[in-house]
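*Asks:* This is the structure I have questions about; it appears just below.
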Amino acid sequence: MPASFHSKALQKHAGEIEKLAEKLRALYDVRDTSGVGYVAGEWNRLFDAGRSEGSTQEREALKQDYLWYLTLDRCQQEYRQQLHGFLERLRHERAREFARTSFAHRAREDALGKLELALSEASGTINLAMPEHVRREGQGAVTIQWRGAQGTEAELSWYPDGERIDLREALSSGLRHSARLDPADVSFFTDHLIDEIRNVHELELPEFHYEQGLRSRQPPSRLLWTRSTTTPARPAELPESLAQGTRAPQALELELALGGADPELAELIDRVLCAAAAEDYAASEKLTPAERARRAAAVEELVTAVARRAGIPDREVVRLFAPVLVDHPSSAGGPAECAANARALQFLLTQLTEP
């Protein structure tokens, strides 16, 4: 983030603004491709078209779709927690080696997404050899034969006598093709993924699970497979607009309202907006109306900067900022600072209005 802001408050928070824009960009990308965002858009299309014949059934179907996508999103978030834990262990335990990898310089969501794709390909390679009876029953197991001088090579086979699959090759192929990593990164992450499976047992391959009772550094003798299942989302988890038949918020607002966004995002928005609004409020007390009209407001500068860096339209940024700030008001500082923030917030809400 170049220190090119006119606003002194934004100069002070430049690093946080960069982080905020990065998080919004990642969330906006998810919105564009997520089932939840798709359902919100389809719901509003029906709402805007009016209550035509057959729309009741369509609305009920969309509610079910929403709950299904919410379930899938939750399952993905749970798995990404495992991926995040794996990368954080490497970041701390193998700091020097990890710092040389491309993942050390990628945005968190980008790194997690690439690793997820790689491991999904590895699981797919194993599943291609799945016997038909296992597929029909929806559960089974692959045995693991550890070999090599250090016990770091492994062959997998579907119990009892399925085709053998080289674990290292399955992992490295996913990292090469799906994550598109260079050879040095492929070698580094393949080695540590094998160590994770052999000794740590905290990161699982998609749809595979460790047997209970494994001790730390005890090599597993098999991995259990079950068709993907997770507790479905309940009707009580429908957002208010879908439950009551009103128009849904903008898709991105909907994701934020559901709490699916990183809580740190709301805190970042709160901090930088309060800082910008406080500067604008203080300036408004000293300037004449003509001077205020000529002055570039810090809030306006912030919206423009975030929109440009996140690749999001200005109007969408404006639409998001006010409700997030209201839902997560700043409580930092003593009484004087809180009073100043309250005045700034009141001023800010008069500025953050849709054109």
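*Asks:* On the given criteria, is S221 assigned by TED's automatic domain parsing to the domain that holds L119 and in contact with a helix residue (DSSP H, G or I) (Cβ under 9 Å, 6 or more places away or on another chain)?
*Replies:* No, not satisfied.
*Asks:* So, of the residues in the stretch 113-140 that are farther than 15 Å from L167 by Cβ and aliphatic (A, V, I, L, M), which turns out to be surrounded by the most Cβ atoms within 10 Å (Cβ to Cβ)?
*Replies:* If we take residues in the stretch 113-140 being farther than 15 Å from L167 by Cβ and aliphatic (A, V, I, L, M), then L115 is surrounded by the most Cβ atoms within 10 Å (Cβ to Cβ).
*Asks:* Does A154 count as touching a Leu at 6+ places or on another chain (Cβ under 7 Å) and under 19 Å from R80 (Cβ atoms)?
*Replies:* no
*Asks:* How about the stretch 186-205: which of its residues are within 13 Å of T101 (Cα to Cα) and under 23 Å from the mean Cα position of the chain (by Cα)?
*Replies:* Of everything in the stretch 186-205, just one residue is within 13 Å of T101 (Cα to Cα) and under 23 Å from the mean Cα position of the chain (by Cα), namely F189.
Results for (1) polar (S, T, N, Q); (2) over 18 Å from L203 (Cα atoms), shown as yes or no for each residue.
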| residue | (1), (2) |
| --- | --- |
| E116 | no, no |
| E121 | no, no |
| E132 | no, yes |
| A154 | no, no |
| S157 | yes, yes |
| E163 | no, yes |
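*Asks:* Which condition number does L112 fail, the rest of (1) in a helix (DSSP H, G or I); (2) out of contact with any His (no Cβ under 8 Å at 6 or more places or on another chain); (3) closer than 21 Å to I197 by Cβ being met?
*Replies:* Of the numbered conditions (1) in a helix (DSSP H, G or I); (2) out of contact with any His (no Cβ under 8 Å at 6 or more places or on another chain); (3) closer than 21 Å to I197 by Cβ, the odd one out for L112 is (2).
*Asks:* Is it the case that some residue within the stretch 155-162 is surrounded by 17 or more Cβ atoms within 10 Å (Cβ to Cβ), in the same structural domain as L70 (by TED's automatic domain parsing), of a type in the set (A, V, I, L, M, F, W, C) and touching a Lys or Arg at 6+ places or on another chain (Cβ under 8 Å)?
*Replies:* Yes, the stretch 155-162 contains at least one residue that is surrounded by 17 or more Cβ atoms within 10 Å (Cβ to Cβ), in the same structural domain as L70 (by TED's automatic domain parsing), of a type in the set (A, V, I, L, M, F, W, C) and touching a Lys or Arg at 6+ places or on another chain (Cβ under 8 Å).
*Asks:* Looking at the stretch 203-218, which of the residues that are touching a helix residue (DSSP H, G or I) at 6+ places or on another chain (Cβ under 8 Å) and surrounded by 14 or more Cβ atoms within 10 Å (Cβ to Cβ) is farthest from V142 (Cα to Cα)?
*Replies:* Selected residue: L203.
*Asks:* Give me the residue from the stretch 69-103 that is among the small types (G, A, S) and touching a residue at least 40 places away in the same chain (Cβ under 8 Å) and, out of that set, nearest to D182 (Cα to Cα).
*Replies:* Ranking the qualifying residues of the stretch 69-103, first place goes to S102.
*Asks:* Hey, does the stretch 87-104 have a residue that's under 21 Å from H201 (Cβ atoms) and not in a helix (DSSP H, G or I)?
*Replies:* Yes: one or more hits.
*Asks:* Out of the residues in the stretch 154-183 that are without any contact (Cβ under 8 Å) to a residue 40 or more places away in the chain and assigned to a strand (DSSP E or B), which is farthest from F103 (Cα to Cα)?
*Replies:* If we take residues in the stretch 154-183 being without any contact (Cβ under 8 Å) to a residue 40 or more places away in the chain and assigned to a strand (DSSP E or B), then W158 is farthest from F103 (Cα to Cα).
*Asks:* May I pose another question? Tell me, which residue of the stretch 126-153 that is in a strand (DSSP E or B) and closer than 15 Å to F208 by Cβ is modelled with the lowest pLDDT?
*Replies:* That would be Q139.
The values are calculated or read from the model by the stated rules, or taken from the named source; none is laboratory data. Model, not experiment: these values are computed from the prediction. In this analysis, Cβ positions are derived from the backbone assuming ideal geometry, glycine residues included, and neighbour counts consider all displayed protein chains.
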